[in-house]
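Peer 1: Starting off with a structure, shown below.
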Amino acid sequence: MLLRNLDITVGLCNGTRLIVTKMGRYVLKGRVISGSNVGEKVYIPRLSLTPSDTRIPFKFQRRQFLISLCFAMTINKSQ
């Protein structure tokens, strides 16, 4: 399940479910299984996230894929 909006025109929005078909070091290949673009193949890049909180006295950066493993979900996400 995607955790953030990546590309709304392609259907990569928060909560979109997909099946990962291929894993690379910097990109994931997947097939959408929910929403209006069911069956479409998409690529999800690994993004760098930097917090914008000015109270932190130093800068740090985290690189991650914006997906979460989803075996079960709440009723609100399934609607």
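Peer 1: Hey, got a sec? Which trypsin sites (Lys or Arg not before Pro) in the range 1-75 land in a DSSP loop and have at most 14 other Cβ atoms within 10 Å?
Peer 2: Values: sites: Arg4, Arg17, Lys22, Arg25, Lys29, Arg31, Lys41, Arg46, Arg55, Lys59, Arg62, Arg63; in loops: Arg4, Arg17, Arg25, Arg55, Lys59.
Sites meeting the loop and neighbour criteria: Arg4, Arg25, Arg55, Lys59.
Peer 1: Modelled label-to-label distance, Asn5 and Thr50, 7 Å Cα→beta-carbon offset: nm?
Peer 2: So the two model labels end up 2.3 nm from each other.
Peer 1: Using a Förster radius of 25 Å, what is the FRET efficiency between Val20 and Lys59 based on their Cβ-Cβ separation? Nearest 0.05, please.
Peer 2: Between Val20 and Lys59 the formula returns 0.20.
Peer 1: Ok, one more. Enumerate the calculated ³J(HN,Hα) couplings along the range 40-49 in order (Karplus 6.51 cos²θ - 1.76 cosθ + 1.60, θ = phi - 60°), each rounded to whole Hz, writing x wherever the residue is Gly or Pro.
Peer 2: 6, 8, 9, 10, 10, x, 7, 10, 8, 10
Peer 1: For a quick size check, give me the Cα extents of the range 18-74 along its three principal axes, largest first, whole Å.
Peer 2: For the range 18-74, the Cα extents along the three principal axes come out at 45, 30, 20 Å.
Peer 1: Okay, next question. Return the calculated 222 nm mean residue ellipticity for the chain, to the nearest 500 deg cm²/dmol, obtained by summing -39500 (n - 2.57) across DSSP H runs with n ≥ 4 and dividing by the residue count. Don't jump to the answer; show the numbers that get you there.
Peer 2: Values: 1 runs with 4 residues, N = 79.
One gets -500 deg cm²/dmol as the mean residue ellipticity at 222 nm.
Just so you know, all these numbers are worked out from the coordinates, no wet-lab data involved. Worth saying up front: this structure is predicted, and the values here are computed from it rather than measured. Neighbour counts are summed over all protein chains in view; Cβ atoms, including those assigned to glycine, are modelled from backbone coordinates with ideal geometry.
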